[in-house]
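Q: Below are the structure tokens for one structure; questions will follow.
The values are calculated or read from the model by the stated rules, or taken from the named source; none is laboratory data. Please read all numbers here as calculations on a predicted model, not as lab measurements. Backbone-built Cβ (ideal geometry, glycine too); neighbour counts: all protein chains shown.
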Amino acid sequence: MNCLIFGYGYMGRIRYQVLRAHPEVKKIWISDPSLDPASRAELGETVLPIDTPVPWEQVDAVFVCTPNNVTADLCVEGLRQCGRVFCEKPPGRNWEDFSRIAEAAAEVPDHTLVFGFNHRLHPSVQAAKALMGQGGLGEILFIKGTYGKSGGLSYQKSWRNNPEVSGGGILLDQGIHMLDLLCLFLGGLSVADAVLADSFWECGVEDNAFVLLRSETGIPAFLHSSATLWKHTFRLEIGCRNGYLVASGLLSKTGSYGREQLVIGKRQFEDEAMALGNPREEIIHFDRDDSWEKEVGEFIAAAKEGRPAQHGTLDEARRVMQIIRDVYALKDHSIRRA
Amino acid sequence: MRSFQTQDSFSLSSVKPLDGLLPYRDHCLEATRRALQGRKRVRTACPVCGERLAPAGNVGELPYVRCPQDGSLFLAELPDREAWSRLLAEVRQFRNSSASFHAQITQSRADHVYGPKLEWIQDTLRLQELAHPTLLEVGSSSDDFSRLLRESGLFLQIQSIGESEIGQGTEQAQVAVLLESLDRTDDPAGLLKRVSDRLAPGGLLFVTALLSSGFDFSVLGTRNLYLYPPDRANCFSRDGLSKLLEQSGFILQEVSTPGVLDLQVVRAHAQRDAALPLSVFEKTLVSSDLETQRAFQEFLQQRGLSSFARLVAKKGDGTA
């Protein structure tokens with residue numbers, strides 16, 4: 001399979017490395033007009049020269065790893081040209097961008113379209129999914145998710161926080177992963193309320209989002225997405241009938257989110273071994289994240305077999321984009337300024 | 001790969017009290033001495049890496065040897081295979097009799113030893129999305145645990161078999177359990193080979209063991225009264241045990257040391273023997289407050305440094 005990567009930033013580089021190691025991938029091109037000369041020289045013929053047309057007749061699959069303002073255009077073009085597109089999150093700046101992608105997909109029969117929601121493939125999340133339900137921790141009572149970072153010195157300069165380019169703030173950029181996880185566990189969610197704030201960075205997009213959600217069966221969920229968590233945090237708390245799970249930390253390149261782990265607590269009342277409110281817990285520590293490989297592997301397998309992918313689907317992307325659309329559309333959502 | 005940490009909290013006296021253990025240990029040592037009166041096999045090479053084994057000291061006059069590479073401990077001399085099988089059977093019978101200390105703390109052991117092990121197996125089966133598999137229980141040391149397994153309803157079918165009989169069957173299982181069997185087998189690699197032969201491709205192997213690399217064994221060495229044959233004819237280090245499984249064609253899924261008794265074991269030895277040579281640090285640690293001891297034990301668990309290990313491995317496609 002010959003793959004073309006649009007955009008060689010943080011995500012483009014990750015995808016390039018994963019594709020290079022994939023046995024089905026024969027050739028990779030990179031298209032990035034803003035690539036610095038040193039990277040261009042290092043990558044050699046892998047990089048398409050600026051102003052050179054894309055050799056679509058040779059391209060089997062496209063990876064869109066660009067800033068949000070060109071995501072929809074490139075996805076639509078990729079779908080029309082080769083029918084196989086892997087698109088980084090978010091799927092466009094807004095609902096309109098997403099709808100354009102969805103419409104293009106509907107016009108291409110047997111297409112393969114996957115969105116990059118790799119967090120659902122992280123080992124702590126997969127383990128949590130396996131441990132709940134019948135015979136395990138039972139039905140979910142509630143979920144709370146916190147995902148945040150500290151921004152950093154380049155935060156204000158990043159295209160991610162330029163509303164013209166990104167379409168939104170931390171909720172769209174990072175919170176979308178946590179929304180995808182809430183949907184993974186609860187299915188479709190509707191927005192009960194939300195508070196957005198641009199408390200610190202003053203970029204004109206939210207640097208904090210507090211979103212209260214409800215599943216179709218009434219299960220409550222809550223998300224705090226933040227760019228002012230000075231200690232990088234990933235924490236997903238799932239309360240179930242027979243116990244609880246807390247996934248925290250993320251295996252990442254920098255390790256800044258802490259050791260990835262899953263706490264498993266089983267409900268014990270005072271008639272059992274432990275004191276009420278202090279049940280025995282087990283903690284699983286994980287030391288390998290193969291979410292990138294699994295995600296790309298599934299895309300390539302689906303593309304090769306001409307079938308829809310099992311995760312990162314258009315429907316899953318639609319669910320999170322609907323939530324984000326509805327949060328931004330709330331009548332009182334106007335961002336509280338610092 | 002993953003590792004587990006637990007917040008289990010129970011006392012040494014509730015599961016393997018040192019005072020209660022000593023008569024049982026004496027029985028085991030005496031039975032081993034008798035078994036060694038016949039033909040002997042001398043272990044000179046590490047069953048994992050092949051390195052020449054070095055003397056490690058005596059346990060009840062029986063010499064132990066140590067792998068210089070990874071620190072695993074082994075009983076230096078073994079009786080012939082048949083005598084070893086008879087010895088294991090005799091000791092097992094004694095362990096499950098009313099004469100052993102185990103009989104006096106049955107419920108406590110069920111709560112703190114067997115219950116958590118069953119829960120571990122149950123959770124792992126869920127993590128591996130394996131529903132109602134067939135089980136091969138190899139060399140069970142406890143009738144109580146075998147009963148718990150049967151009553152759990154987790155398995156479609158359970159076959160319990162002794163370590164020495166495993167080569168006789170051919171029927172394959174999806175899961176095999178070796179609870180401390182590798183500690184007492186006279187041929188660890190051979191046992192794993194036979195278990196592998198009886199596991200379906202991709203099948204899961206559950207192993208528990210005591211580790212020489214764990215805290216109490218590291219501090220006490222061969223003075224550790226929990227080291228005795230035949231139950232602990234082998235006391236692998238964490239690295240040694242992991243390598244042994246990998247060399248046998250298994251892919252490690254979990255390597256955990258969720259032990260809760262390391263500090264309690266050292267303290268029990270220090271209380272029993274005032275002359276026990278401990279460093280100032282070790283003395284301070286064993287006499288520290290409960291909070292410090294808990295934090296230290298938690299650290300041992302988190303970093304793979306406790307002496308109780310549990311491992312889950314998957315049979316690879318190319319398993320020998």
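Q: Can you name every residue in segment A:20-39 that is over 21 Å from A:Pro53 (Cβ atoms) and not in a loop (DSSP other than H, G, I, E, B)?
A: Hits for segment A:20-39 are A:Arg20, A:Pro37, A:Ala38, A:Ser39.
Q: Restricting to segment B:33-78, name every residue that is more than 20 Å from B:Val91 (Cα to Cα) and of a type in the set (Gly, Ala, Ser).
A: B:Ala45, B:Gly50, B:Ala54, B:Ala56, B:Gly57, B:Gly71, B:Ser72
Q: Please specify each residue of segment A:10-34 satisfying the condition of being farther than 25 Å from A:Ala302 by Cβ and either β-branched (Val, Ile, Thr) or surrounded by fewer than 17 Cβ atoms within 10 Å (Cβ to Cβ) (or both).
A: A:Pro33, A:Ser34
Q: Of all residues in segment B:60-76, which are of a type outside the set (Gly, Ala, Ser) and crowded, with 22+ Cβ neighbours inside 10 Å?
A: B:Tyr64, B:Val65, B:Arg66, B:Cys67, B:Leu73, B:Phe74, B:Leu75
Q: Output the residues belonging to segment A:40-55 that are hydrophobic (A, V, I, L, M, F, W, C) and modelled with pLDDT of 90 or more.
A: Result: A:Ala41, A:Leu43, A:Val47, A:Leu48, A:Val54.
Q: Then there's this: Quick one: which of A:Ser99, A:Ser158, A:Ser124 is free of Cβ contacts under 8 Å to residues at least 60 places away in the same chain, assigned by TED's automatic domain parsing to the domain that holds A:Leu196 and among the hydroxyl-bearing types (Ser, Thr, Tyr)?
A: Unique residue meeting the criteria: A:Ser158.
Q: Turning to a different aspect of this structure: Quick one: A:Leu223 ticks every box in (1) in a helix (DSSP H, G or I); (2) within 27 Å of A:Gly277 (Cβ to Cβ) bar one, so which box is it?
A: Failing condition for A:Leu223: (1).
Q: If you take just the helices (runs of 4 or more DSSP H) that sit entirely in segment A:81-199, which of them hold at least 3 residues that are closer than 25 Å to A:Thr254 by Cβ and within 14 Å of chain B (Cβ to nearest Cβ)?
A: Correct list: A:123-131.
Here is a yes/no grid of residues against (1) of a type outside the set (Asp, Glu); (2) surrounded by 13 or more Cβ atoms within 10 Å (Cβ to Cβ); (3) touching a residue at least 60 places away in the same chain (Cβ under 8 Å):
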| position | (1), (2), (3) |
| --- | --- |
| A:Asp36 | no, no, no |
| A:Ser39 | yes, yes, no |
| A:Ile50 | yes, no, no |
| A:Val54 | yes, yes, no |
| A:Glu77 | no, yes, no |
| A:Gly92 | yes, yes, yes |
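Q: Quick check: anything in segment B:252-267 assigned to a loop (DSSP other than H, G, I, E, B), under 17 Å from B:Leu182 (Cβ atoms) and either out of contact with any Lys or Arg (no Cβ under 6 Å at 6 or more places or on another chain) or of a type in the set (D, E, K, R) (or both)?
A: Scanning segment B:252-267 turns up at least one residue that is assigned to a loop (DSSP other than H, G, I, E, B), under 17 Å from B:Leu182 (Cβ atoms) and either out of contact with any Lys or Arg (no Cβ under 6 Å at 6 or more places or on another chain) or of a type in the set (D, E, K, R) (or both).
Q: Does B:Ser141 satisfy the condition of being in contact with an Asp or Glu (Cβ under 7 Å, 6 or more places away or on another chain), in a helix (DSSP H, G or I) and either away from chain A (no Cβ under 14 Å) or at pLDDT below 90 (or both)?
A: So B:Ser141 does not fit the description; no.
Q: Which is more than 17 Å from A:Lys304 (Cα to Cα) and touching an Asp or Glu at 6+ places or on another chain (Cβ under 8 Å), of A:Gly7, A:Gly44?
A: A:Gly7
Q: Checking B:Ala313 against (1) surrounded by 20 or more Cβ atoms within 10 Å (Cβ to Cβ); (2) in a helix (DSSP H, G or I); (3) out of contact with any Cys (no Cβ under 8 Å at 6 or more places or on another chain); (4) not basic (Lys, Arg), which single condition isn't satisfied?
A: The number of the failed condition is (2).
Q: Can you tell me which residues in segment B:141-177 are in contact (Cβ under 8 Å) with a residue 40 or more places away in the chain and not acidic (Asp, Glu)?
A: Listed by number, the residues that qualify are B:Ser141, B:Ser142, B:Gly162, B:Ser164, B:Ala173, B:Gln174, B:Val175, B:Ala176, B:Val177.
Q: Let me ask something additional. Provide a single number: the residues in segment B:103-128 that are over 20 Å from B:Ser256 (Cβ atoms) and of a type in the set (Phe, Trp, Tyr).
A: 0
Q: For segment A:277-293, does any single residue satisfy the condition of being in contact (Cβ under 8 Å) with a residue 60 or more places away in the chain, assigned to a strand (DSSP E or B) and within 14 Å of chain B (Cβ to nearest Cβ)?
A: Within segment A:277-293, one or more residues are in contact (Cβ under 8 Å) with a residue 60 or more places away in the chain, assigned to a strand (DSSP E or B) and within 14 Å of chain B (Cβ to nearest Cβ).
Q: Which condition number in (1) crowded, with 19+ Cβ neighbours inside 10 Å; (2) in contact with a Phe, Trp or Tyr (Cβ under 7 Å, 6 or more places away or on another chain); (3) among the β-branched types (Val, Ile, Thr) is the one that A:Thr228 fails?
A: (1)
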